[in-house]
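Below is one structure, written out as structure tokens, with a few remarks after it.
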Amino acid sequence: MPGPRLILLCGLPGSGKTTLARRLATDLPAVRLCPDEWLTNLGIHLYDEKARDLLERQLWRHAQDLLRLGQTVILEYGFWARSERDELRLAARALGAAVELRYLEAPVEELWRRLRDRNGTPGTAPISRDSLERWVPLFEAPDEAELALYDPA
């Protein structure tokens, strides 16, 4: 039986993280932790940054417990910053877990098409083209050297 594994899904909104996470959760199987779904189910606004931060920290504690039990865990946070990815990679490795980084990317026009199509869908926050354009330069895409730090899928 394989040991514990953490899968980090990295990408901008509309890149396909949720679609991939759902498929992996079934195929592997794995426990999928998605802050957007938790916030929605708890009746908390998706852009409540304080609540999101608290929830993501709690989900990370839960993920660590699951890893200690030998489970595979998918974190669907987006992981825009390299420092976030490094922190969780090192912490999971300290628990004896393998760590994958699945980087999903798409051109801005494709991201916008997907976001426009899903805007208004229950459980999703509407995202404007302006917001997407502001976020693109903030996103720290992993380079080949960073990707080499992770275990293969």
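Of note:
- Contour minus Cα-Cα distance for H62 and L28 (0.36 nm per residue): 10.3 nm
- Extension gain (nm, one decimal) between T40 and E105, 0.36 nm per residue minus Cα-Cα: 20.9 nm
- Listed peptides 3-9, 31-37, 58-64 by packing density, highest first (mean Cβ within 10 Å): 3-9, 31-37, 58-64
- Using a simple spin-label model with pseudo-atoms 7 Å out from Cα toward Cβ, D130 and E49 lie 1.8 nm apart.
- Test item: Cα-centred dipole of the chain, Lys/Arg +1 and Asp/Glu -1 on Cβ, debye: 420
- Over the Cα atoms of the stretch 46-86, the radius of gyration divided by the Kirkwood radius equals 1.00; this is the Rg/Rh ratio.
- Distance between the stretch 102-134 and the stretch 17-67 - C-alpha centres, whole angstrom: 19
- 22 Å tail of the calculated P(r), the stretch 70-145, as % of Cα pairs: 38
- Shape summary: the stretch 5-147 maps onto an equivalent ellipsoid whose semi-axes, from the alpha-carbon gyration tensor, are 24, 18, 14 Å in decreasing order.
- In this simple spin-label approximation, L149 and W80 carry label points 7 Å from Cα along the Cα→Cβ vector, and these lie 1.9 nm apart.
A short reminder: the numbers here are calculations on the coordinates, not readings from a lab. None of the values given here were measured: they were computed from a predicted structure. Methodologically, a virtual Cβ is constructed for each residue, glycine included, from the backbone with ideal geometry; neighbour enumeration extends over all protein chains shown.
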